[in-house]
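**Student:** Take this structure, written in C-alpha cells, and hold onto it; I'll ask about it next.
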Amino acid sequence: MKPVILLLGLLLAGLAGTAQPDKEVATLTYRNFKEVPAFPLLDLEGKKFSSGSVRPKGKTLVVVYFSPTCSHCIEFTEQLTSKLKSFKNSQFLYVSAYPLEEIKTFAITRGFHKMPNFRVGQDAAFNMGRFYELKEIPGVFVYNKEGQLVKSFDSKLKMEDLIAAANQ
C-alpha cells in the first residue's frame with residue numbers, strides 16, 4: 001500500500017510542477033513571435049480549428065480582433081468590405097472572445113458566409129487577445145505571404161495604410 005501512495009504522491013507532485021506556466025510561453029506575444037499564431041478557435045458552427053491554419057500559401061493574412069457590439073469594429077468592417085477589391089491576395093481572420101451567437105450574427109449580417117476569403121472564430125479563452133496585448137479594438141495584424149508579421153494597427157488605423165500593408 002505504501003508504494004502505491006508514494007507513487008501517487010510523486011505523480012501528483014510532478015503534475016503540479018508541470019501546471020505552472022512556462023515563462024517563455026507566458027511572455028509569448030506578437031512582439032517577439034513574428035509568425036501566425038496557432039491558437040484553438042471555434043468556427044461559426046462551433047467546430048474547432050486553429051488560427052495558424054487559416055492562411056493559404058501565397059496569401060497575406062489579415063487578423064482582425066473585434067467585438068460584435070463595438071461601433072469602431074462595425075465601421076471598420078463596413079469600410080473594409082467596401083474596399084475588398086483593393087486587397088489583391090488576402091485572407092481575413094476575424095476573431096472575438098464574445099459569445100458565439102453574437103459573433104455569428106455579426107458575421108452573417110456582414111455577409112462573411114458568402115465571402116470565401118473570410119474566416120471567423122471565437123477565442124473564448126482570450127488567448128489571442130493576450131497574445132496581441134489588446135488594449136483597444138479592433139486590433140488588426142497583417143502577416144505577409146511567408147507568414148511573418150509585417151504590420152500591426154490599433155483602432156485608429158487608416159484603410160489605405162491597411163491596404164498598403166496587405167499588398168506588400
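A short reminder: the numbers here are calculations on the coordinates, not readings from a lab. Please read these numbers as outputs of a predicted model, since none were measured by experiment. Positions of Cβ are backbone-derived with ideal geometry, glycine not excepted, and every protein chain shown enters the neighbour counts.
**Student:** If you count, for each residue, the other Cβ atoms within 10 Å and average over each peptide, how do 92-104, 151-163 line up from highest to lowest?
**Tutor:** Highest to lowest by the protection proxy: 92-104, 151-163.
**Student:** How much FRET efficiency would the formula 1/(1 + (r/R0)^6) give for residue 38 and residue 71, where r is the Cβ-Cβ distance and R0 is 25 Å, rounded to 0.05?
**Tutor:** In this case the efficiency is close to 0.20.
**Student:** Can you spot the lysines whose alpha carbon is less than 24 Å from residue 88's alpha carbon? Ignore those fewer than 8 places along the same chain.
**Tutor:** Hits, sequence-local ones excluded: 34, 57, 59, 114, 145, 151, 156, 158.
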